[in-house]
Amino acid sequence: QSALTQPASVSGSPGQSIIISCTGTSSDVGDYNYVSWYEQHPGKAPKLIIYNVNNRPSGVSNRFSGSKSGNTASLTISGLQAEDEADYYCSSYTSTNTLVFGGGTKLAVL
Amino acid sequence: QLQLQESGSGLVKPSQTLSLTCAVSGGSISSGDYSWSWIRQPPGKGLEWIGYIYHSGITYYNPSLKSRVTISVDRSKNQFSLKLSSVSAADTAVYYCARGRVAAGYFDYWGQGTLVTVSS
């Protein structure tokens, strides 16, 4: 199985909105509404921020939102804050009952 | 509050077997709603899913690692384990254990991670 495709890096200014894309295939992202997103700060374990395409776990800011169209899922972060500077990973369930991650996107808040 | 804690050897010689255990506290590993995964991250690189196990013992593995991976569960100790055979330097990584949601696959609780270095 191939890793999902994410941009290597994105950037934005405080207060702005950014979108991170996550492209898979009809055997993973396109086949299930089981896309999740994780935020990882340096030296820390990843943290779940979106599950099942567009659901936020309790305690996660409503500045984070998710969507999906066809084989591409997206994470939107609105009202960028300095603390949002981190690596972001998408993940999807697949048609063979396995899981696959994206390559990760480094977000810089300028 | 559920907690996961990885333990095991931090240094493994090439061609040997990497062994790690994840102790689960604050919840039962026997719940049918969850799967229990291993995920790794080579230094400076992205996340790679290794495999998961259900409380029943059913396992699913990353096809690229399947021939070398074994994940097992010990319900009496509320823990699960990873064995990765024939390791090489490419297997050097931080290894995480995590709880996943059955049939949806998202990981809601993670261990802190443990660095395993493969070197002679």
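The values are calculated or read from the model by the stated rules, or taken from the named source; none is laboratory data. Treat the numbers as computed from the prediction; the structure is a model and nothing was measured. Quick reminder, even Gly has a Cβ in these numbers, built from the backbone with ideal geometry, and neighbours come from all protein chains shown. Accessible surface areas use protein heavy atoms only, side chains included; no ligands, DNA or RNA. Shrake-Rupley method; radii C 1.70, N 1.55, O 1.52, S 1.80 Å.
Brief remarks follow.
- Candidates A:Gly103, A:Ile77, A:Gln16 compared by Cα position along the dipole of the protein assembly as shown: farthest toward the positive end lies A:Gly103, with charges placed on Cβ.
- Net dipole in debye of segment B:1-75 [+1 Lys, Arg Cβ; -1 Asp, Glu Cβ; about Cα centre; nearest 20]: 300
- Electrostatic dipole magnitude of the protein assembly as shown [Cβ: Lys, Arg +1; Asp, Glu -1; Cα centre; debye, to 20]: 360
- Rounded to whole numbers, the Karplus 3J(HN,Hα) couplings from phi for segment B:16-32 are 8, 10, 7, 10, 9, 10, 10, 8, 9, 10, x, x, 9, 6, 8, 4, x Hz, using 6.51 cos²θ - 1.76 cosθ + 1.60 with θ = phi - 60°, and x at Gly and Pro.
- Rounded percent of accessible protein surface that carbon and sulfur make up, segment A:38-98, 1.4 Å probe: 41
- Max mean-square fluctuation residue, GNM over chain B, Cα-Cα springs under 10 Å, options B:Ala89, B:Ala103, B:Ala23: B:Ala103
- Among A:Asn71, A:Asn33, A:Asn62, the residue with the largest mean-square fluctuation in a Gaussian network model of chain A, with springs joining Cα atoms closer than 10 Å, is A:Asn62.
- On a per residue basis, the convex hull of the C-alpha atoms belonging to chain B measures out at 97 Å³.
- Buried area at the B:A interface is about 1700 square angstrom, summed over both chains, from accessible surfaces computed with a 1.4 angstrom probe.
- Built amide H within the under 5 Å cut-off of B:Asn62, gap 5+: B:Gly51
- Projected onto planes of every orientation and averaged, the convex hull of the alpha-carbon atoms in chain A covers 6.4 nm².
- Segment B:18-105 - percent relative contact order, Cα under 8 Å, separation 6 or more: 40
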